[in-house]
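Visitor: Dropping a structure here in C-alpha coordinates format, bear with me for questions.
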Amino acid sequence: MLFPMIVLGIETSCDETAVALVRDDRTILANLVLSQLKEHEAFGGVVPEIAARAHLDHLDTLITAALSDADITFDDLDAIAATSGPGLIGGVMVGMMAGKAIAAARDLPFIAVNHLEAHALTPRLTDNIDFPYLILLVSGGHTQILVAEDVGIYKQLGTTHDDALGECFDKSAKLMGLPYPGGPHVEKMAALCKDAEKAIARFPLPAPMAGREGCDFSFSGLKTAMRQHVENLPAGDLDPEDIADLSCAFEHKVSEIVTDRLGRAITDFKQKYAGKSLVVSGGVAANLTLRAALKTLSNQQDMEFVAPPLNLCSDNGAMIAWTGIEKHRIGQSDPLDIAARPRWPLDQSVEKTSAQI
Ligand code: KG4
Ligand code: ZN
(Lines give C-alpha, C1' and ligand atoms only; values in the text may rest on other atoms or scores of the structure.)
(Ligands and ions follow the chains in the order given, each with its own letter.)
Protein backbone atom coordinates (compact mmCIF):
# COMPACT_ATOMS: atom_id res chain seq x y z
CA MET A 1 0.00 0.00 0.00
CA LEU A 2 1.30 3.47 -0.89
CA PHE A 3 1.67 6.14 1.82
CA PRO A 4 0.54 8.72 2.67
CA MET A 5 -3.02 7.63 2.20
CA ILE A 6 -5.90 10.09 1.69
CA VAL A 7 -9.51 9.04 2.26
CA LEU A 8 -12.71 10.89 1.38
CA GLY A 9 -15.36 10.58 4.11
CA ILE A 10 -19.09 11.15 3.50
CA GLU A 11 -21.65 11.52 6.32
CA THR A 12 -25.39 11.77 5.56
CA SER A 13 -27.08 9.69 8.27
CA CYS A 14 -29.05 12.49 9.92
CA ASP A 15 -29.47 16.21 9.27
CA GLU A 16 -25.88 17.16 8.51
CA THR A 17 -24.40 16.78 5.04
CA ALA A 18 -20.70 16.38 5.81
CA VAL A 19 -17.64 15.69 3.71
CA ALA A 20 -13.98 15.49 4.74
CA LEU A 21 -10.58 14.55 3.42
CA VAL A 22 -8.21 13.02 5.94
CA ARG A 23 -4.64 11.78 5.56
CA ASP A 24 -3.38 8.75 7.48
CA ASP A 25 -0.88 10.90 9.41
CA ARG A 26 -4.05 12.28 11.12
CA THR A 27 -4.09 15.54 9.16
CA ILE A 28 -7.56 16.81 8.32
CA LEU A 29 -7.15 18.36 4.86
CA ALA A 30 -10.77 19.50 4.57
CA ASN A 31 -13.82 19.17 6.80
CA LEU A 32 -17.11 20.66 5.62
CA VAL A 33 -20.43 20.38 7.40
CA LEU A 34 -23.65 21.75 5.97
CA SER A 35 -26.37 21.83 8.60
CA GLN A 36 -29.99 21.44 7.51
CA LEU A 37 -31.24 22.97 10.77
CA LYS A 38 -33.26 25.67 9.04
CA GLU A 39 -35.06 23.10 6.89
CA HIS A 40 -36.19 21.04 9.91
CA GLU A 41 -36.66 23.74 12.54
CA ALA A 42 -40.33 24.38 11.78
CA PHE A 43 -41.11 20.70 12.36
CA GLY A 44 -39.37 20.52 15.76
CA GLY A 45 -37.26 17.56 14.64
CA VAL A 46 -35.60 15.94 11.65
CA VAL A 47 -37.96 15.01 8.80
CA PRO A 48 -36.35 12.01 7.04
CA GLU A 49 -37.67 12.81 3.56
CA ILE A 50 -36.53 16.44 3.73
CA ALA A 51 -33.12 15.32 5.01
CA ALA A 52 -32.60 12.84 2.16
CA ARG A 53 -33.54 15.43 -0.48
CA ALA A 54 -31.26 18.04 1.06
CA HIS A 55 -28.32 15.60 1.08
CA LEU A 56 -28.99 14.90 -2.60
CA ASP A 57 -29.11 18.63 -3.40
CA HIS A 58 -25.84 19.52 -1.67
CA LEU A 59 -23.54 16.50 -1.56
CA ASP A 60 -21.79 16.83 -4.93
CA THR A 61 -21.12 20.57 -4.41
CA LEU A 62 -19.72 19.81 -0.96
CA ILE A 63 -17.38 17.09 -2.30
CA THR A 64 -16.08 19.49 -4.97
CA ALA A 65 -15.59 22.19 -2.32
CA ALA A 66 -13.70 19.80 -0.02
CA LEU A 67 -11.32 18.77 -2.81
CA SER A 68 -10.77 22.43 -3.61
CA ASP A 69 -10.16 23.27 0.10
CA ALA A 70 -7.55 20.52 0.32
CA ASP A 71 -6.12 21.53 -3.05
CA ILE A 72 -6.25 17.97 -4.38
CA THR A 73 -8.22 16.07 -7.05
CA PHE A 74 -9.94 12.67 -7.25
CA ASP A 75 -6.59 11.34 -8.53
CA ASP A 76 -5.08 11.86 -5.07
CA LEU A 77 -7.62 9.69 -3.26
CA ASP A 78 -6.82 6.21 -1.96
CA ALA A 79 -10.27 5.14 -0.79
CA ILE A 80 -13.84 6.35 -0.28
CA ALA A 81 -15.64 5.91 3.04
CA ALA A 82 -19.35 6.60 3.55
CA THR A 83 -21.67 6.17 6.52
CA SER A 84 -23.72 3.06 5.81
CA GLY A 85 -25.77 3.02 9.01
CA PRO A 86 -27.24 3.28 11.54
CA GLY A 87 -29.38 6.30 10.65
CA LEU A 88 -32.18 7.61 8.48
CA ILE A 89 -32.11 5.20 5.58
CA GLY A 90 -32.92 7.69 2.76
CA GLY A 91 -30.01 9.94 3.72
CA VAL A 92 -27.64 7.05 4.29
CA MET A 93 -28.43 5.74 0.79
CA VAL A 94 -27.69 9.14 -0.79
CA GLY A 95 -24.22 9.23 0.80
CA MET A 96 -23.48 5.59 0.00
CA MET A 97 -24.52 5.94 -3.64
CA ALA A 98 -22.32 9.00 -4.09
CA GLY A 99 -19.39 7.21 -2.44
CA LYS A 100 -19.89 4.03 -4.44
CA ALA A 101 -20.16 6.01 -7.71
CA ILE A 102 -16.81 7.73 -7.07
CA ALA A 103 -15.23 4.42 -6.02
CA ALA A 104 -16.52 2.70 -9.18
CA ALA A 105 -15.53 5.53 -11.52
CA ARG A 106 -12.03 5.83 -10.01
CA ASP A 107 -11.52 2.14 -9.27
CA LEU A 108 -10.97 2.85 -5.57
CA PRO A 109 -11.86 0.75 -2.53
CA PHE A 110 -15.21 1.58 -0.91
CA ILE A 111 -15.52 1.36 2.87
CA ALA A 112 -18.97 1.12 4.47
CA VAL A 113 -18.65 2.91 7.81
CA ASN A 114 -20.71 2.35 10.94
CA HIS A 115 -21.56 5.86 12.16
CA LEU A 116 -21.19 4.77 15.79
CA GLU A 117 -17.78 3.29 15.11
CA ALA A 118 -16.76 6.62 13.58
CA HIS A 119 -17.74 8.44 16.81
CA ALA A 120 -15.91 5.74 18.77
CA LEU A 121 -12.68 6.03 16.76
CA THR A 122 -12.57 9.86 16.76
CA PRO A 123 -10.20 10.05 19.79
CA ARG A 124 -7.65 8.04 17.80
CA LEU A 125 -7.78 10.75 15.12
CA THR A 126 -7.66 13.66 17.57
CA ASP A 127 -5.55 12.29 20.42
CA ASN A 128 -3.88 9.18 18.98
CA ILE A 129 -4.99 7.04 21.92
CA ASP A 130 -4.36 3.30 22.11
CA PHE A 131 -6.90 0.50 22.50
CA PRO A 132 -8.57 -0.46 24.78
CA TYR A 133 -10.53 2.54 26.02
CA LEU A 134 -13.92 3.31 27.53
CA ILE A 135 -16.40 5.46 25.55
CA LEU A 136 -19.51 7.34 26.51
CA LEU A 137 -21.40 7.97 23.26
CA VAL A 138 -24.20 10.49 23.75
CA SER A 139 -26.05 11.93 20.77
CA GLY A 140 -29.56 12.63 19.52
CA GLY A 141 -30.07 8.98 18.64
CA HIS A 142 -27.69 7.05 20.91
CA THR A 143 -26.69 6.69 24.53
CA GLN A 144 -24.15 3.95 25.02
CA ILE A 145 -21.19 3.02 27.14
CA LEU A 146 -18.74 0.92 25.15
CA VAL A 147 -15.28 -0.54 25.37
CA ALA A 148 -13.28 -0.10 22.16
CA GLU A 149 -11.03 -3.17 22.09
CA ASP A 150 -9.79 -2.79 18.52
CA VAL A 151 -10.98 -1.60 15.10
CA GLY A 152 -14.29 -3.42 14.60
CA ILE A 153 -14.32 -4.91 18.12
CA TYR A 154 -16.56 -3.20 20.67
CA LYS A 155 -18.20 -4.37 23.86
CA GLN A 156 -21.37 -2.63 24.99
CA LEU A 157 -21.54 -2.12 28.75
CA GLY A 158 -24.69 0.01 28.82
CA THR A 159 -27.43 1.53 26.67
CA THR A 160 -30.70 3.36 27.18
CA HIS A 161 -34.01 1.57 27.74
CA ASP A 162 -35.96 4.44 26.17
CA ASP A 163 -34.90 7.92 25.00
CA ALA A 164 -31.38 8.85 23.98
CA LEU A 165 -29.82 11.59 26.10
CA GLY A 166 -29.83 14.13 23.25
CA GLU A 167 -33.48 13.31 22.62
CA CYS A 168 -34.21 13.95 26.30
CA PHE A 169 -32.49 17.36 26.02
CA ASP A 170 -34.47 18.11 22.85
CA LYS A 171 -37.85 17.07 24.29
CA SER A 172 -37.26 18.91 27.57
CA ALA A 173 -36.27 22.02 25.64
CA LYS A 174 -39.46 21.78 23.60
CA LEU A 175 -41.52 21.57 26.81
CA MET A 176 -39.91 24.83 27.94
CA GLY A 177 -40.62 26.47 24.56
CA LEU A 178 -36.99 26.41 23.42
CA PRO A 179 -36.11 25.79 19.74
CA TYR A 180 -34.81 22.56 18.17
CA PRO A 181 -32.23 21.14 18.67
CA GLY A 182 -32.71 21.82 22.34
CA GLY A 183 -29.37 20.81 23.87
CA PRO A 184 -27.44 24.02 23.16
CA HIS A 185 -30.47 26.16 24.19
CA VAL A 186 -30.88 24.31 27.50
CA GLU A 187 -27.17 24.87 28.12
CA LYS A 188 -27.44 28.59 27.31
CA MET A 189 -30.46 29.03 29.58
CA ALA A 190 -28.84 27.04 32.41
CA ALA A 191 -25.85 29.39 32.25
CA LEU A 192 -28.24 32.27 33.10
CA CYS A 193 -29.37 30.60 36.35
CA LYS A 194 -28.40 32.85 39.27
CA ASP A 195 -28.31 30.24 42.04
CA ALA A 196 -27.80 26.59 41.04
CA GLU A 197 -28.43 25.17 44.52
CA LYS A 198 -31.71 27.03 44.82
CA ALA A 199 -32.75 25.92 41.33
CA ILE A 200 -32.00 22.27 42.11
CA ALA A 201 -34.04 22.48 45.34
CA ARG A 202 -36.85 24.31 43.55
CA PHE A 203 -37.18 21.73 40.76
CA PRO A 204 -36.52 18.25 42.17
CA LEU A 205 -35.96 15.67 39.42
CA PRO A 206 -35.59 11.88 39.53
CA ALA A 207 -32.44 9.99 38.59
CA PRO A 208 -33.90 6.87 36.90
CA MET A 209 -31.66 3.76 37.19
CA ALA A 210 -29.20 5.52 39.52
CA GLY A 211 -27.74 3.09 42.03
CA ARG A 212 -29.03 0.07 40.08
CA GLU A 213 -26.91 -2.85 38.91
CA GLY A 214 -25.30 -2.53 35.48
CA CYS A 215 -24.65 0.54 33.37
CA ASP A 216 -27.95 1.06 31.53
CA PHE A 217 -29.84 4.35 31.29
CA SER A 218 -33.46 5.44 31.28
CA PHE A 219 -34.58 9.01 30.66
CA SER A 220 -38.35 8.78 30.29
CA GLY A 221 -38.99 9.45 34.01
CA LEU A 222 -36.81 12.55 33.85
CA LYS A 223 -38.74 13.83 30.85
CA THR A 224 -42.08 13.21 32.60
CA ALA A 225 -40.89 15.11 35.69
CA MET A 226 -39.83 18.00 33.44
CA ARG A 227 -43.32 18.04 31.94
CA GLN A 228 -44.90 18.15 35.39
CA HIS A 229 -42.70 21.05 36.49
CA VAL A 230 -43.59 23.00 33.34
CA GLU A 231 -47.30 22.29 33.87
CA ASN A 232 -47.04 23.61 37.44
CA LEU A 233 -45.64 26.95 36.24
CA PRO A 234 -47.98 29.81 35.25
CA ALA A 235 -49.64 29.09 31.89
CA GLY A 236 -48.48 30.83 28.71
CA ASP A 237 -44.91 31.74 27.79
CA LEU A 238 -42.57 30.74 30.61
CA ASP A 239 -40.64 33.33 32.56
CA PRO A 240 -36.97 33.24 31.38
CA GLU A 241 -35.84 32.99 35.03
CA ASP A 242 -37.98 29.87 35.49
CA ILE A 243 -36.54 28.38 32.29
CA ALA A 244 -33.01 29.17 33.50
CA ASP A 245 -33.64 27.48 36.88
CA LEU A 246 -35.32 24.43 35.35
CA SER A 247 -32.59 24.07 32.70
CA CYS A 248 -29.94 24.27 35.40
CA ALA A 249 -31.68 21.62 37.55
CA PHE A 250 -32.04 19.40 34.46
CA GLU A 251 -28.37 19.68 33.45
CA HIS A 252 -27.23 18.85 36.97
CA LYS A 253 -29.52 15.82 37.19
CA VAL A 254 -28.29 14.58 33.80
CA SER A 255 -24.68 14.91 34.99
CA GLU A 256 -25.55 13.02 38.18
CA ILE A 257 -27.20 10.17 36.22
CA VAL A 258 -24.37 9.87 33.70
CA THR A 259 -21.73 9.99 36.43
CA ASP A 260 -23.49 7.22 38.37
CA ARG A 261 -23.75 4.91 35.33
CA LEU A 262 -20.25 5.66 34.12
CA GLY A 263 -18.75 5.16 37.58
CA ARG A 264 -19.97 1.56 37.44
CA ALA A 265 -18.68 1.14 33.90
CA ILE A 266 -15.22 2.36 34.96
CA THR A 267 -15.14 -0.25 37.75
CA ASP A 268 -16.09 -2.97 35.22
CA PHE A 269 -13.58 -1.69 32.68
CA LYS A 270 -10.71 -1.61 35.18
CA GLN A 271 -11.38 -5.20 36.23
CA LYS A 272 -11.09 -6.51 32.68
CA TYR A 273 -8.82 -4.14 30.76
CA ALA A 274 -5.48 -2.41 31.17
CA GLY A 275 -6.64 0.82 29.43
CA LYS A 276 -6.67 4.21 31.15
CA SER A 277 -8.74 6.50 28.91
CA LEU A 278 -12.34 7.62 29.20
CA VAL A 279 -13.62 9.19 25.99
CA VAL A 280 -16.80 11.19 25.48
CA SER A 281 -18.26 11.58 22.00
CA GLY A 282 -21.52 12.51 20.21
CA GLY A 283 -23.35 15.85 20.09
CA VAL A 284 -24.26 15.96 23.80
CA ALA A 285 -20.52 15.80 24.58
CA ALA A 286 -20.57 19.52 23.74
CA ASN A 287 -22.31 20.18 27.06
CA LEU A 288 -19.83 21.88 29.37
CA THR A 289 -21.58 20.95 32.64
CA LEU A 290 -21.51 17.29 31.60
CA ARG A 291 -17.89 17.58 30.49
CA ALA A 292 -16.90 19.10 33.83
CA ALA A 293 -18.66 16.25 35.71
CA LEU A 294 -16.91 13.65 33.55
CA LYS A 295 -13.56 15.31 34.10
CA THR A 296 -14.06 15.23 37.87
CA LEU A 297 -15.13 11.56 37.71
CA SER A 298 -12.06 10.71 35.60
CA ASN A 299 -9.75 12.44 38.08
CA GLN A 300 -11.35 10.60 41.00
CA GLN A 301 -11.02 7.26 39.20
CA ASP A 302 -7.52 7.86 37.90
CA MET A 303 -8.66 7.76 34.27
CA GLU A 304 -7.40 10.04 31.51
CA PHE A 305 -10.34 12.10 30.18
CA VAL A 306 -10.38 12.58 26.40
CA ALA A 307 -12.96 14.88 24.83
CA PRO A 308 -12.46 15.57 21.12
CA PRO A 309 -12.97 19.18 19.96
CA LEU A 310 -16.64 20.10 19.70
CA ASN A 311 -16.75 20.11 15.88
CA LEU A 312 -15.49 16.51 15.87
CA CYS A 313 -17.90 15.39 18.64
CA SER A 314 -21.00 16.22 16.62
CA ASP A 315 -21.60 14.59 13.24
CA ASN A 316 -18.84 15.26 10.72
CA GLY A 317 -17.10 13.73 7.72
CA ALA A 318 -13.61 13.59 9.28
CA MET A 319 -14.63 10.79 11.63
CA ILE A 320 -15.97 8.82 8.66
CA ALA A 321 -12.79 9.35 6.62
CA TRP A 322 -10.68 8.38 9.65
CA THR A 323 -12.65 5.15 10.15
CA GLY A 324 -12.04 4.47 6.45
CA ILE A 325 -8.29 4.90 7.07
CA GLU A 326 -8.34 2.61 10.12
CA LYS A 327 -10.11 -0.11 8.14
CA HIS A 328 -8.22 0.36 4.89
CA ARG A 329 -4.85 0.04 6.58
CA ILE A 330 -5.80 -3.35 8.00
CA GLY A 331 -6.95 -4.42 4.55
CA GLN A 332 -10.71 -4.05 5.01
CA SER A 333 -13.01 -2.72 2.31
CA ASP A 334 -16.52 -3.58 1.14
CA PRO A 335 -18.16 -4.73 -2.11
CA LEU A 336 -20.10 -2.12 -4.08
CA ASP A 337 -23.35 -4.02 -3.59
CA ILE A 338 -23.20 -3.67 0.20
CA ALA A 339 -26.56 -2.45 1.56
CA ALA A 340 -27.35 0.42 3.93
CA ARG A 341 -28.22 -0.68 7.48
CA PRO A 342 -30.79 1.44 9.37
CA ARG A 343 -29.78 -0.53 12.51
CA TRP A 344 -26.22 -1.56 13.07
CA PRO A 345 -25.08 -2.14 16.67
CA LEU A 346 -21.37 -1.87 17.35
CA ASP A 347 -21.43 -4.86 19.66
CA GLN A 348 -22.92 -7.58 17.43
CA SER A 349 -23.81 -9.69 20.49
CA VAL A 350 -26.53 -7.20 21.45
CA GLU A 351 -28.09 -7.06 17.95
CA LYS A 352 -31.10 -9.18 18.76
CA THR A 353 -31.72 -8.03 22.31
CA SER A 354 -31.31 -4.25 22.38
CA ALA A 355 -34.14 -1.92 21.49
CA GLN A 356 -31.81 1.07 21.28
CA ILE A 357 -29.11 0.57 18.70
O1 KG4 B 1 -24.10 13.62 17.42
P2 KG4 B 1 -25.13 14.64 17.01
O3 KG4 B 1 -24.63 15.91 16.36
O4 KG4 B 1 -26.15 14.01 16.02
C5 KG4 B 1 -26.68 12.74 16.22
O6 KG4 B 1 -27.71 12.68 16.93
O7 KG4 B 1 -26.09 11.76 15.71
O8 KG4 B 1 -26.01 14.99 18.31
C9 KG4 B 1 -27.10 15.89 18.28
C10 KG4 B 1 -27.68 15.98 19.68
C11 KG4 B 1 -28.98 16.77 19.78
O12 KG4 B 1 -29.91 16.03 20.55
C13 KG4 B 1 -28.56 18.05 20.48
O14 KG4 B 1 -29.60 18.66 21.23
C15 KG4 B 1 -27.45 17.56 21.35
O16 KG4 B 1 -26.73 16.62 20.56
N17 KG4 B 1 -26.54 18.66 21.78
C18 KG4 B 1 -26.39 19.05 23.05
C19 KG4 B 1 -25.51 20.17 23.03
N20 KG4 B 1 -25.15 20.39 21.72
C21 KG4 B 1 -25.79 19.44 20.97
N22 KG4 B 1 -26.93 18.59 24.20
C23 KG4 B 1 -26.58 19.23 25.35
N24 KG4 B 1 -25.75 20.30 25.40
C25 KG4 B 1 -25.20 20.81 24.27
N26 KG4 B 1 -24.38 21.86 24.33
ZN1 ZN C 1 -23.70 11.02 15.45
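The values are calculated or read from the model by the stated rules, or taken from the named source; none is laboratory data. Here the structure is a predicted model, which is why all the values come from computation and not from measurement. Here the Cβ is made from the backbone with ideal geometry for all residues, glycine too, and neighbour counts use every protein chain on show. What goes into the accessible areas is simple: the full protein's heavy atoms, side chains included, and nothing from ligands, DNA or RNA. Shrake-Rupley method; radii C 1.70, N 1.55, O 1.52, S 1.80 Å.
Residue-wise test of (1) crowded, with 20+ Cβ neighbours inside 10 Å; (2) at pLDDT 80 or above; (3) of a type in the set (A, V, I, L, M, F, W, C); (4) assigned to a strand (DSSP E or B).
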{"site": "4", "(1), (2), (3), (4)": "no, yes, no, no"}
{"site": "10", "(1), (2), (3), (4)": "yes, yes, yes, yes"}
{"site": "20", "(1), (2), (3), (4)": "yes, yes, yes, yes"}
{"site": "26", "(1), (2), (3), (4)": "no, yes, no, no"}
{"site": "31", "(1), (2), (3), (4)": "yes, yes, no, yes"}
{"site": "39", "(1), (2), (3), (4)": "no, no, no, no"}
{"site": "45", "(1), (2), (3), (4)": "no, no, no, no"}
{"site": "52", "(1), (2), (3), (4)": "no, yes, yes, no"}
{"site": "55", "(1), (2), (3), (4)": "yes, yes, no, no"}
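Visitor: Just to verify a result, which residue in the range 102-113, among those that are open to solvent by 10 Å² or more (accessible area, probe 1.4 Å) and touching a Leu at 6+ places or on another chain (Cβ under 9 Å), is nearest to ligand 1 (Cβ to nearest atom)?
Guide: Keep residues of the range 102-113 that are open to solvent by 10 Å² or more (accessible area, probe 1.4 Å), which gives 102, 104-109.
Pick out the ones that are also touching a Leu at 6+ places or on another chain (Cβ under 9 Å) and you get 102, 104, 106, 108.
Values: 102: 24, 104: 28, 106: 29, 108: 27 Å.
This residue is 102.
Visitor: Those residues that are within 24 Å of residue 235 (Cβ to Cβ), free of Cβ contacts under 8 Å to residues at least 60 places away in the same chain and within 16 Å of ligand 1 (Cβ to nearest atom), I need them from the range 189-204; list them, please.
Guide: 189, 192, 193, listed by residue number.
Visitor: Here's another thing I want to ask about it. Select from the range 147-186 the residues that are in a helix (DSSP H, G or I), open to solvent by 40 Å² or more (accessible area, probe 1.4 Å) and out of contact with any Gly (no Cβ under 8 Å at 6 or more places or on another chain) and write down the one among them that is farthest from ligand 1 (Cβ to nearest atom).
Guide: The selected residue is 175.
Visitor: Next question. Where residues in the range 78-91 are closer than 22 Å to residue 6 by Cα and open to solvent by less than 10 Å² (accessible area, probe 1.4 Å), which of them is nearest to the chain's Cα centre (by Cα)?
Guide: Going through the range 78-91, the residues closer than 22 Å to residue 6 by Cα turn out to be 78-84.
From what's left, open to solvent by less than 10 Å² (accessible area, probe 1.4 Å): 79-84.
Numbers: 79: 24, 80: 21, 81: 18, 82: 16, 83: 13, 84: 15 Å.
Residue satisfying both the conditions and the ranking: 83.
Visitor: (1) outside any strand (DSSP E or B); (2) more than 14 Å from ligand 1 (Cβ to nearest atom); (3) among the hydrophobic types (A, V, I, L, M, F, W, C); (4) touching a Leu at 6+ places or on another chain (Cβ under 7 Å): which one isn't true of residue 116, the others all being true?
Guide: (2)
Visitor: Could you tell me which of the residues 226, 209 is assigned to a loop (DSSP other than H, G, I, E, B), without any contact (Cβ under 8 Å) to a residue 60 or more places away in the chain, surrounded by 16 or more Cβ atoms within 10 Å (Cβ to Cβ) and away from ligand 1 (no atom under 12 Å from the Cβ)?
Guide: On the way: 226 fails: assigned to a loop (DSSP other than H, G, I, E, B).
Matching residue, one of 226, 209: 209.
Visitor: I need a count of the residues in the range 303-319 that are more than 8 Å from ligand 1 (Cβ to nearest atom) and in a loop (DSSP other than H, G, I, E, B).
Guide: 6
Visitor: Next question, about the same structure. In this structure, does residue 72 turn out to be open to solvent by less than 40 Å² (accessible area, probe 1.4 Å), farther than 14 Å from residue 56 by Cβ and assigned to a helix (DSSP H, G or I)? Give the steps one after another, and end with the answer.
Guide: On the way: open to solvent by less than 40 Å² (accessible area, probe 1.4 Å): yes; farther than 14 Å from residue 56 by Cβ: yes; assigned to a helix (DSSP H, G or I): no.
Taking the combined requirement at face value, the residue does not satisfy it.
Residues are listed down the side, and each one gets a yes or a no for (1) modelled with pLDDT of 95 or more; (2) open to solvent by 10 Å² or more (accessible area, probe 1.4 Å); (3) assigned by TED's automatic domain parsing to the domain that holds residue 85:
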position: 256; (1), (2), (3): yes, yes, no
position: 259; (1), (2), (3): yes, yes, no
position: 281; (1), (2), (3): no, no, no
position: 285; (1), (2), (3): no, no, no
position: 289; (1), (2), (3): yes, yes, no
position: 292; (1), (2), (3): yes, yes, no
position: 298; (1), (2), (3): yes, no, no
position: 305; (1), (2), (3): yes, yes, no
position: 319; (1), (2), (3): yes, no, yes
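Visitor: Take the conditions more than 16 Å from ligand 2 (Cβ to nearest atom), acidic (Asp, Glu), within 22 Å of residue 214 (Cα to Cα) and at pLDDT 95 or above and apply them to residue 337. Does it pass? Give the steps one after another, and end with the answer.
Guide: Values: more than 16 Å from ligand 2 (Cβ to nearest atom): yes; acidic (Asp, Glu): yes; within 22 Å of residue 214 (Cα to Cα): no; at pLDDT 95 or above: yes.
Answer is no for this residue.
Visitor: Can residue 247 be described as closer than 24 Å to residue 308 by Cβ, open to solvent by less than 40 Å² (accessible area, probe 1.4 Å) and part of a helix (DSSP H, G or I)?
Guide: Details: closer than 24 Å to residue 308 by Cβ: no; open to solvent by less than 40 Å² (accessible area, probe 1.4 Å): yes; part of a helix (DSSP H, G or I): yes.
So residue 247 fails the test.
Visitor: I'd like the full set of residues that are hydroxyl-bearing (Ser, Thr, Tyr) and within 14 Å of ligand 1 (Cβ to nearest atom), limited to the range 119-146. Reasoning before the result, please.
Guide: Start the filter on the range 119-146 by keeping residues that are hydroxyl-bearing (Ser, Thr, Tyr), which leaves 122, 126, 133, 139, 143.
Answer for the range 119-146, where residues must be hydroxyl-bearing (Ser, Thr, Tyr) and within 14 Å of ligand 1 (Cβ to nearest atom): 122, 139, 143.
Visitor: A further question follows. Could you say whether any residue in the range 101-111 is under 20 Å from residue 314 (Cα atoms) and β-branched (Val, Ile, Thr)? Reasoning before the result, please.
Guide: The initial filter retains those residues of the range 101-111 that are under 20 Å from residue 314 (Cα atoms), namely none.
Among the residues of the range 101-111, not one is under 20 Å from residue 314 (Cα atoms) and β-branched (Val, Ile, Thr), which makes the answer no.
Visitor: Give me the pairs, please: first residue somewhere in the range 124-144 and hydrophobic (A, V, I, L, M, F, W, C), second residue anywhere and open to solvent by 20 Å² or more (accessible area, probe 1.4 Å) and within 15 Å of ligand 2 (Cβ to nearest atom), beta-carbon distance under 8 Å, and either six or more positions apart or on two chains.
Guide: Listed pairs, sorted by first residue: 138/283.
Visitor: Open to solvent by less than 80 Å² (accessible area, probe 1.4 Å), out of contact with any Ser or Thr (no Cβ under 7 Å at 6 or more places or on another chain) and within 16 Å of residue 121 (Cα to Cα): is that true of residue 277 in this structure?
Guide: Numbers: open to solvent by less than 80 Å² (accessible area, probe 1.4 Å): yes; out of contact with any Ser or Thr (no Cβ under 7 Å at 6 or more places or on another chain): yes; within 16 Å of residue 121 (Cα to Cα): yes.
Criteria met by residue 277.
Visitor: Six or more apart or on different chains, Cβ atoms under 6 Å: show the pairs whose first residue is in the range 272-299 and under 16 Å from residue 251 (Cα atoms) and small (Gly, Ala, Ser) and whose second is within 16 Å of ligand 2 (Cβ to nearest atom) and in a helix (DSSP H, G or I).
Guide: The qualifying pairs are 283/166; 285/313; 286/310; 286/313.
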